[in-house]
Amino acid sequence: MKSTYLAALLVGLLATGVSQAAESSFINTQQNAPVTLTATQAQPDIFRVSLLGTGTPVPQISRGGYSTLVEAGNQKLVFDFGRNSATRLWQLHIPIGRVNAFFLTHFHSDHTNGLADLWLTGWLQPAYGQRHAPMELYGPKGTNALASGLQQAYATDIATRVKDEGTPLDGVKINSHEVTAGVVYDRDGVKVTAFDNDHGVNIKPSFGYRIDYHGHSVVLSGDTRYSPQVVKEAKGADLLVHCVSMTSAEQMKANPGYKAIAGHLASPEQAARVLNEARPALTVFSHIGLNGKISVKDLAQDLRARYTGPFVIGNDLMQIDLPTTPSGKGYALWQAENIDNK
């Protein structure tokens with residue numbers, strides 16, 4: 001895989017206007033080959049967010065189901081498991097079995113339908129898998145039942161592969177952890193805190209997550225409408241990844257089902273309210289719903305009219321690097337593209 005790195009200073013990007021931001025026009029486009037570290041080279045310290053999937057339940061190629069990878073030091077953590085998340089990980093040349101822990105926000109199918117793929121494909125022993133220890137899965141009440149159900153559903157496949165391929169059984173076990181709001185993971189300087197967001201009265205429990213590392217923080221809103229708790233967690237954050245949904249009046253009239261969607265996902269107005277109150281250093285939008293004749297440019301213009309701070313409309317495989325020292329500032333953002341169909 002080759003990666004096209006589109007380096008950008010966000011202040012300069014946003015100064016060029018909404019249309020360029022909406023079209024993801026970056027400066028200093030360079031072609032870079034992956035760097036291979038020798039055994040004597042130390043792995044550089046990183047705090048990196050990669051958007052594995054920025055879409056919704058809509059089955060589309062350009063935006064996979066919602067999923068986010070956070071790399072902090074030696075930890076690789078995946079939050080939510082929409083369709084195609086396993087494919088996106090391997091496009092980044094990250095073996096699925098290398099992920100230390102998986103975190104679920106809630107039980108909507110577009111956040112769980114990639115879990116079986118991450119679990120089972122990560123257990124296989126070619127380079128893309130290679131999990132030898134149990135999968136660590138964190139989520140709200142109901143996560144144990146989800147894990148148990150998967151193991152029952154795929155019992156025949158598991159037994160066949162163990163017998164036929166000698167695949168190690170430990171790697172297909174799931175250690176599920178049902179958690180409530182608070183610190184749910186604290187390892188090697190990486191702290192993950194779950195918090196309650198507001199995805200509507202009928203969708204509970206529903207979490208967002210905050211990840212802290214070396215005095216810096218990333219906040220994942222999860223699926224939510226305007227939420228004071230998201231504002232609280234995101235105040236002063238280095239990066240907020242927030243959902244947003246926009247539906248045309250024609251589409252709303254033609255399909256009343258979109259009224260329910262509008263009732264439990266943040267509109268541009270609600271998202272802008274969160275940003276104006278929290279003022280994170282940078283906001284990247286993911287779980288992007290564009291319903292009806294709505295374009296990314298329309299979304300960006302609506303947001304820009306309501307919020308003047310830095311934001312980016314996310315794409316699958318967009319990556320953001322944050323500081324790894326307490327005094328560090330700023331961020332680097334680029335778009336990784338797979339061009340060899342591996």
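The values are calculated or read from the model by the stated rules, or taken from the named source; none is laboratory data. Computed from a prediction, not measured in an experiment: that's the story for all the values here. So basically every Cβ, Gly included, is an ideal-geometry build from the backbone, and we count neighbours across all protein chains shown. Just the protein is used for accessible areas: all its heavy atoms, side chains included, with ligands, DNA and RNA removed. Shrake-Rupley method; radii C 1.70, N 1.55, O 1.52, S 1.80 Å.
Some values worked out for this structure:
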read-out: Selection within the stretch 204-226 - open to solvent by less than 30 Å² (accessible area, probe 1.4 Å), in contact with an Asp or Glu (Cβ under 8 Å, 6 or more places away or on another chain) and hydroxyl-bearing (Ser, Thr, Tyr); value: Ser206, Ser217, Thr224
read-out: Residue check, Thr167 surrounded by fewer than 16 Cβ atoms within 10 Å (Cβ to Cβ), β-branched (Val, Ile, Thr), touching a residue at least 40 places away in the same chain (Cβ under 8 Å) and assigned to a loop (DSSP other than H, G, I, E, B); value: no
read-out: Positions within the stretch 318-338 being open to solvent by less than 10 Å² (accessible area, probe 1.4 Å) and either acidic (Asp, Glu) or modelled with pLDDT of 95 or more (or both), in sequence order; value: Met318, Ile320, Leu333
read-out: Top-ranked residue of the stretch 64-96 - restricted to ones that are free of Cβ contacts under 8 Å to residues at least 60 places away in the same chain, among the hydrophobic types (A, V, I, L, M, F, W, C) and under 19 Å from Thr143 (Cα atoms), ranked as surrounded by the fewest Cβ atoms within 10 Å (Cβ to Cβ); value: Val78
read-out: Condition met for Leu275 (closer than 25 Å to Ala181 by Cβ, modelled with pLDDT of 95 or more and part of a strand (DSSP E or B)); value: no
read-out: Any hit, the stretch 98-106, residues being open to solvent by 20 Å² or more (accessible area, probe 1.4 Å), aromatic (Phe, Trp, Tyr) and touching a helix residue (DSSP H, G or I) at 6+ places or on another chain (Cβ under 8 Å); value: no
read-out: The stretch 227-257, residues that are open to solvent by 10 Å² or more (accessible area, probe 1.4 Å), in a strand (DSSP E or B) and either in contact with a His (Cβ under 9 Å, 6 or more places away or on another chain) or at pLDDT 95 or above (or both); value: Ser245
read-out: Any pair with Cβ under 6 angstrom, 6 or more apart, that starts in the stretch 126-141 at a residue that is in contact (Cβ under 8 Å) with a residue 12 or more places away in the chain and ends at one that is of a type in the set (Ser, Thr, Tyr) and open to solvent by less than 60 Å² (accessible area, probe 1.4 Å); value: Gly129/Thr121; Leu137/Ser176
read-out: Qualifying residue in the stretch 258-267 (condition: farther than 18 Å from Thr56 by Cα and open to solvent by less than 60 Å² (accessible area, probe 1.4 Å)); value: no
read-out: Candidate set: the stretch 292-308, residues that are part of a loop (DSSP other than H, G, I, E, B) and open to solvent by 10 Å² or more (accessible area, probe 1.4 Å); chosen: the one nearest to His93 (Cα to Cα); value: Ser295
read-out: Where Val183 falls short, out of the listed (1) open to solvent by 70 Å² or more (accessible area, probe 1.4 Å); (2) β-branched (Val, Ile, Thr); (3) modelled with pLDDT under 95; value: (3)
read-out: Residues (outside any loop (DSSP other than H, G, I, E, B), touching an Asp or Glu at 6+ places or on another chain (Cβ under 7 Å) and open to solvent by 10 Å² or more (accessible area, probe 1.4 Å)) located in the stretch 121-155; value: Asn144
read-out: Residue among Asp223, Asp212 that alone is farther than 27 Å from Lys329 by Cα and either of a type in the set (Asp, Glu) or part of a loop (DSSP other than H, G, I, E, B) (or both); value: Asp223
read-out: Some residue of the stretch 9-18 being outside any strand (DSSP E or B), open to solvent by 10 Å² or more (accessible area, probe 1.4 Å) and either under 30 Å from Gly257 (Cα atoms) or modelled with pLDDT of 50 or more (or both); value: no
